[in-house]
Amino acid sequence: ERVRLMRLSAGGELSRHADITDRNAGLTPGKIARLHLPIVTNPGVKFTSWSLENKPNIVHMTPASWWYLDVRKPHRAVNEGALDRVHLVADAIVNDELLSVINKSC
C-alpha cells in the first residue's frame with residue numbers, strides 16, 4: 001500500500017500519539033498493517049506502546065527483523081543514542097498469510 005524510510009534524529013522524540021484517524025488500520029483481511037524494518041538503529045532507541053488498559057510496553061526494535069505496529073493504540077519513540085535511527089516502514093494489506101506470520105510472532 002505504502003512504503004517509506006523514516007528517520008528519527010539522534011536525540012529526537014516522537015511524542016505519545018495514536019493514529020486513530022486511519023479507519024483502514026487493523027489485522028483483519030483487507031485492512032492495513034503497519035510494519036517496521038529497522039535498518040539503522042542503536043541501543044538508545046526505545047519504542048513504547050500502550051495497551052487499552054494504559055499499560056506500557058517498551059522495546060528496542062532489533063535490525064533486520066519486521067515489527068508490527070498497531071497505530072490505533074498510543075505509541076511513542078525516543079532516540080537517546082548518538083546515531084540517527086532509520087526504519088523502512090511498510091503499510092501492507094492484510095491477507096491470511098501475513099496475519100499468520102504476525103500471529104506467530106506475538
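The values are calculated or read from the model by the stated rules, or taken from the named source; none is laboratory data. Being a predicted model, the structure only gives us computed values, none of them experimental. Every residue, glycine as well, gets a Cβ built from its backbone with ideal geometry; the counts of neighbours run over all protein chains shown. Note: accessible area is taken over every heavy atom of the protein model, side chains too, but ligands, DNA and RNA are not part of it. Shrake-Rupley method; radii C 1.70, N 1.55, O 1.52, S 1.80 Å.
Observations, loosely collected:
- From the coordinates shown, P(r) over Cα pairs in 10 Å bins from 0, in percent corresponds to which of (1) 15, 46, 34, 5; (2) 15, 51, 29, 5, 0; (3) 16, 42, 30, 10, 2, 0: (1)
- Taking the longest Cα principal axis of the chain as reference, the axis of helix 96-105 is set at about 50 degrees.
- Relative contact order (percent, whole number), the chain, Cα cutoff 8 Å, 6+ residue spacing: 45
- Additional length obtainable on full extension of the chain from residue 31 to residue 7, 0.36 nm per residue less Cα span: 6.1 nm
- The range 73-95-the range 31-63 distance, computed between alpha-carbon centres (Å): 6
- Taking all protein chains together and rolling a 1.4 Å probe, residue 1 ends up with roughly 150 Å² accessible.
- Normalised by the number of residues in the range 10-59, the mean separation of alpha-carbon contacts (under 8 Å, six or more apart) gives a relative contact order of 17 percent.
- By the helix-only formula, in which each DSSP H run with n ≥ 4 contributes -39500 (n - 2.57) and the sum is divided by residues, the chain has a 222 nm mean residue ellipticity of -3000 deg cm²/dmol.
- Using a simple spin-label model with pseudo-atoms 7 Å out from Cα toward Cβ, residue 96 and residue 54 lie 4.1 nm apart.
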